[in-house]
Amino acid sequence: MEVVQLEMKGGVAHITIDRQSKLNALNEVVLNELEQVFLDLKHNEEARVIVITGAGEKSFVAGADISQFPSMSPEEAHSFAKRGQAVFSIIESSSKPVIAAINGFALGGGCELALACHLRFASENAMFGQPEVKLGVIAGYGGTQRLPRLIGEGRALDLLLSGRMIKADEALQIGLINAVFPQVELLSKVEAYADLLMAQSPQAQALTLKAVYRGIDTTLSQGLDAEASAFRDVFKTEDRIEGATAFLERRPAKFKNR
Ligand code: COA
């Protein structure tokens, strides 16, 4: 791959977007490679948790590549948004937990990429924003939809309408991210958290993700139906017997992903 690197460390798949000369901005090559790596990881039994970060110390992803905008027709813009949305939906629908390790600028498509991940941990120097209005355009990779769902309509509209950038502490305060760490500690903290995730039942996590995202997409009663179905399906696994048995035997559970 040209700009997306994958490194396996134990059960953690570390994905790094490396286009540092453009602050890791997303172009077609980045999107294609991100899509490919997520499709590959789906079938990779070794990978239990996925971490995405940006190369370098300055930027996670500074947005979609703006150089594509001037010549873009409205119809091309529609396809452009659909393409980014499709790749981000593959990320969101991963059955393995996906963590964004946000090591710097997460602007526009970069913030939207973080929103498509299941969990977001940031370094103290991270900056967030949806600055599209400053370019005379709007968020097109899911920002108008995932941001209000995550932080509420009022806070989302503040960011989407003003284009202002916020620091990591404000992002934490408004619930945009899960935690903030000093930059030098970010990856070790994320790895420690990944270990915590890897100690749990993978199938229970996959079914939790399924029920949560199904619920976000629908009414409460349909979401509750989705939860009950997932609860039924988790009782088809061997790991749920191991989980309860280990508790009763006062020992840590050893899940087998079965
Ligand atoms: N698309 C394309 N190129 C981008 C980019 C983007 N979204 N963000 C940064 N770059 C490029 C710059 O053009 C520059 O390239 P160059 O050296 O060939 O001129 C390089 O990355 C470094 O960026 P620069 O602006 O010089 O760094 P800075 O530290 O002065 O500013 C930012 C950093 C993030 C504040 C600034 O780059 C920025 O505002 N980027 C655009 C963010 C944005 O609007 N994203 C949403 C897009 S829809």
Looking only at helices (runs of 4 or more DSSP H) that fall completely inside the stretch 147-258, which ones have 2 or more residues that are of a type in the set (Lys, Arg)?
-> 202-216
How many residues are in contact (Cβ under 8 Å) with a residue 12 or more places away in the chain and either open to solvent by 10 Å² or more (accessible area, probe 1.4 Å) or among the acidic types (Asp, Glu) (or both) if we restrict to the stretch 12-24?
-> 7
In the stretch 1-35, how many residues are away from the ligand (no atom under 16 Å from the Cβ) and farther than 19 Å from residue 47 by Cβ?
-> 2
How about the stretch 120-161: which of its residues are under 21 Å from residue 183 (Cβ atoms) and either open to solvent by 30 Å² or more (accessible area, probe 1.4 Å) or among the basic types (Lys, Arg) (or both)?
-> 120, 124, 125, 127
Going by the structure shown, is residue 247 under 15 Å from residue 200 (Cβ atoms) and surrounded by 15 or more Cβ atoms within 10 Å (Cβ to Cβ)?
-> no
Of the conditions (1) within 14 Å of the ligand (Cβ to nearest atom); (2) more than 17 Å from residue 4 (Cα to Cα); (3) outside any loop (DSSP other than H, G, I, E, B), residue 89 fails just one. Which one is it?
-> (1)
Here are some conditions: (1) open to solvent by less than 50 Å² (accessible area, probe 1.4 Å); (2) under 27 Å from residue 180 (Cβ atoms); (3) in a loop (DSSP other than H, G, I, E, B). Residue 57 meets all but one. Which one does it not meet?
-> (1)
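The values are calculated or read from the model by the stated rules, or taken from the named source; none is laboratory data. Because the structure is a prediction, the values reported are computed rather than measured. We place every Cβ from the backbone using ideal geometry, glycine too, and count neighbours over all the protein chains shown. Heads up: the accessible areas ignore ligands, DNA and RNA and are worked out on the full protein's heavy atoms, side chains in. Shrake-Rupley method; radii C 1.70, N 1.55, O 1.52, S 1.80 Å.
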